[in-house]
1. Mind telling me which of the residues VAL133, VAL201, VAL125 ends up being in the same structural domain as ALA78 (by the TED database) and over 24 Å from PRO305 (Cβ atoms)?
2. Give the residues of region 135-169 that are within 15 Å of the chain's Cα centre (by Cα), assigned to a loop (DSSP other than H, G, I, E, B) and surrounded by 20 or more Cβ atoms within 10 Å (Cβ to Cβ), sorted by residue number.
3. Take region 111-134 and flag every residue that is surrounded by 14 or more Cβ atoms within 10 Å (Cβ to Cβ) and modelled with pLDDT under 80.
4. Since GLY380 meets every condition but one in (1) in contact (Cβ under 8 Å) with a residue 40 or more places away in the chain; (2) assigned by the TED database to the domain that holds ILE459, which condition does it not meet?
5. Just to be sure I understand, how many residues within region 170-227 are under 28 Å from ALA359 (Cα atoms), open to solvent by 30 Å² or more (accessible area, probe 1.4 Å) and of a type in the set (Phe, Trp, Tyr)?
6. All but one of (1) open to solvent by 10 Å² or more (accessible area, probe 1.4 Å); (2) at pLDDT 90 or above hold for PHE6; state the number of the condition that does not hold.
7. From the list ASP68, ASP46, pick out the single residue that is free of Cβ contacts under 8 Å to residues at least 12 places away in the same chain, over 26 Å from GLN234 (Cα atoms) and acidic (Asp, Glu).
8. Where in region 263-341 are there helices (runs of 4 or more DSSP H), lying wholly inside it, with at least 2 residues that are in contact with a helix residue (DSSP H, G or I) (Cβ under 8 Å, 6 or more places away or on another chain) and open to solvent by less than 40 Å² (accessible area, probe 1.4 Å)?
Amino acid sequence: LEDADFDNKPMVLLVGQYSTGKTTFIRHLIEQDFPGMRIGPEPTTDSFIAVMHGPTEGVVPGNALVVDPRRPFRKLNAFGNAFLNRFMCAQLPNPVLDSISIIDTPGILSGEKQRISRGYDFAAVLEWFAERVDRIILLFDAHKLDISDEFSEVIKALKNHEDKIRVVLNKADQIETQQLMRVYGALMWSLGKIINTPEVVRVYIGSFWSHPLLIPDNRKLFEAEEQDLFKDIQSLPRNAALRKLNDLIKRARLAKVHAYIISSLKKEMPNVFGKESKKKELVNNLGEIYQKIEREHQISSGDFPSLRKMQELLQTQDFSKFQALKPKLLDTVDDMLANDIARLMVMVRQEESLMPSQAVKGGAFDGTMNGPFGHGYGEGAGEGIDDVEWVVGKDKPTYDEIFYTLSPVNGKITGANAKKEMVKSKLPNTVLGKIWKLADVDKDGLLDDEEFALANHLIKVKLEGHELPADLPPHLIPPSKRRHE
């Protein structure tokens, strides 16, 4: 890891088959065109484009990008010219890119021909990015869910990074609700066959562009899903330091295991004769060597590199040049993992608490923050927020009838009497306790007719599936109680 890997902003990697709306998704987030952007129904993006913040708008080509020490891309040199000619950075001054960078990838194709014609190892490049990004978003088009060979190879290359993967089912406004349910089920089934984890991947359903919805029936669902996805992306800068620390720990553990493997192979090699045949034997029996190391050093099998890949790489190595194990260096790594990292964790937490809130701002993220088009505005506990009249007033006559059957004394009913009525809602006590706390505005342990009406209104809000507010919003305070304030 280089300095640039630590200094850089969190990155979001977009992966998907061609024409699933990856480039449009970026445009939707940053709300402006970026250099090098091409959108169309055919495979248009044939390059990896890193969309990053810069003082002026422009494009930096791949070869120049990998020699820039301020960018985290220097190690991409290894993929050669065929890849570098198809890699660039589009930089522009945009508030969203102030806190995150976005990597647009070429559309994944199907069939053998395209895989050969790329000229570089597409899956390996994606794997390289997957290790370094903070979030991987897989995009699917609601009209084409078939997962091609290359796509399933790519998803397999993202193995070990399942915690970073989120799935977006895009263009969902183009199909009816009934079809959408079937499409969602089919997508989950396909993903389950490729991503072999017991946990289900989080899938966001929506239409991520700024055009009118073709079938607006599921508008509320799309709004809620978009909001959830935005919250997920907005949390990235806040957790970036810990994610980098996590990567460092992961690498330290892998390096340690690597040292054990290499020194074991070195130990087994004869000094003079039969080196080649011994090397062949060792490569073939690498699995047994893994098990031996696992037992001797109590290392989890999940920390070992892929057996097949390691065997391929070892074919071309000269085992006699391998180093013997240096216990002192291993002790240093163990000391770092046990002590230094723990101290760093505390420091990271302290620094984060002192820093101002680090959420992603600008672009589409500002569109739903405030005002009447904020998510959930005027619904649930927010109903009647702009009305002059008290919103509970319209149902108060119904609530009053119940109130007067509960034997009020001096215009108020006791908690025990209110409880008899409130438990009829079948809501759990924890929820009813919260409603009581919100409704008992003057905190006297009794409810008057207005407070009782308010309690019933909040029960209705909860039964309709909305969340209760932490504090009573000003527009719900009963009119007679407002005068005291």
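1. On the way: VAL133 fails: over 24 Å from PRO305 (Cβ atoms); VAL125 fails: over 24 Å from PRO305 (Cβ atoms).
Exactly one residue qualifies, and that residue is VAL201.
2. LEU158
3. Hits for region 111-134 are GLN114, ARG115, ARG118.
4. Only one criterion in (1) in contact (Cβ under 8 Å) with a residue 40 or more places away in the chain; (2) assigned by the TED database to the domain that holds ILE459 is unmet by GLY380, namely (2).
5. Residues flagged as under 28 Å from ALA359 (Cα atoms), open to solvent by 30 Å² or more (accessible area, probe 1.4 Å) and of a type in the set (Phe, Trp, Tyr) within region 170-227 amount to 1.
6. Condition (2) is where PHE6 drops out.
7. Working: ASP46 fails: free of Cβ contacts under 8 Å to residues at least 12 places away in the same chain.
Going through ASP68, ASP46 in turn, the sole match is ASP68.
8. Numbers: elements: 275-284, 286-297, 307-314, 327-335.
Fully inside region 263-341 and qualifying: 275-284, 286-297, 307-314.
The values are calculated or read from the model by the stated rules, or taken from the named source; none is laboratory data. None of these values were measured; they are calculated from a predicted model. Cβ sites come from the backbone with ideal geometry, for glycine too, and all protein chains shown count toward neighbours. These area figures cover heavy atoms from the full protein model, side chains too; ligands, DNA and RNA do not enter into them. Shrake-Rupley method; radii C 1.70, N 1.55, O 1.52, S 1.80 Å.
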